[in-house]
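Here the structure comes first, spelled out in structure tokens, and everything after it is commentary.
What follows is calculated from the coordinates using simple rules that are stated; it is not laboratory data. Owing to the predicted nature of the structure, the values given are computational and were not obtained by experimental measurement. Positions of Cβ are generated from backbone atoms using ideal geometry, with glycine treated the same way; all protein chains shown enter the neighbour counts.
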Amino acid sequence: MITLPKEKSKIDKKMKSQKTLIYGRPKIGKTTFANEYEGNIFFATESGHKHLECYKIEIRSWVDFLYACKAMRDEKHEYKTITIDTGDNLVKYLSDYICEKLSIEDLSSYKKMGAWHIATAELHDKITKLVDFGYAVNILCHMNNVKIEGRGKPYDRADISVSGKNGKVLTGIVDHILYIDSEWDGADEVRFIRTRASKYWNAGSRNRALEGAAKIPLDYKTLKSYFTM
């Protein structure tokens, strides 16, 4: 039975409720930054953690990912954050899994029922369930510079490298898109997080204070100050 609400819902700023997409150029510090999250475990879909002390599960297929999700749900542990590193590879593993299941070579070749729809629905369902289990979920992605051409002078726009429908699922499902960028101050490179969108990059947050900041230091304690535990 459904009844009409008597009170407004409360704003949820708990870290464990957040879904965050983090992207930036190679070697800018995405993985190191994500490792600062409390109780973090990596779902490592690619190598690149050799120089970092961290907890991780090696993910080399969509089935591996499903088993990892089951372990997080069923086993006793103290992890609070799941970081998928990278979302690019996870999407590929999902595509391979669907293609094998349907006995096709490419998702676009399946005509009976949109294979892309099946894949994106599966991706949306599994990421959402991780949050329902009570974890903060980070998705790390590589960066692409997209050439934008219009009436004015063409320019590059930074965005995640996952394109098409799966890219839209990733950007649509998360609460925050954080773009790790840098600027030079003399001889020093200063790295920071962009939290508000621009014509030159994709970013944004459902946390109004965080988005209003537009740019914050690449520092987990600073980011955490915009949330509650």
Selection status of K19, out of contact with any helix residue (DSSP H, G or I) (no Cβ under 7 Å at 6 or more places or on another chain) and closer than 23 Å to T195 by Cα: no
Out of (1) out of contact with any Lys or Arg (no Cβ under 7 Å at 6 or more places or on another chain); (2) closer than 22 Å to T45 by Cα; (3) among the small types (G, A, S); (4) crowded, with 16+ Cβ neighbours inside 10 Å, what's the single condition that is false for G164? (4)
Residue selected from the stretch 31-72 under the condition charged (D, E, K, R) and assigned to a loop (DSSP other than H, G, I, E, B), by the criterion nearest to Y97 (Cα to Cα): R60
Taking I177 as the residue in question, decide whether it is touching a residue at least 40 places away in the same chain (Cβ under 8 Å) and among the aliphatic types (A, V, I, L, M). yes
With respect to the numbered conditions (1) more than 24 Å from F42 (Cβ to Cβ); (2) surrounded by fewer than 18 Cβ atoms within 10 Å (Cβ to Cβ); (3) not hydrophobic (A, V, I, L, M, F, W, C), which one is the sole condition not fulfilled by G204? (2)
For residues in the stretch 182-192 being free of Cβ contacts under 8 Å to residues at least 40 places away in the same chain and of a type outside the set (D, E), which is surrounded by the most Cβ atoms within 10 Å (Cβ to Cβ)? F192
Of everything in the stretch 192-211, what is more than 20 Å from T171 (Cβ to Cβ) and either polar (S, T, N, Q) or over 19 Å from the mean Cα position of the chain (by Cα) (or both)? Give them in sequence order. A209
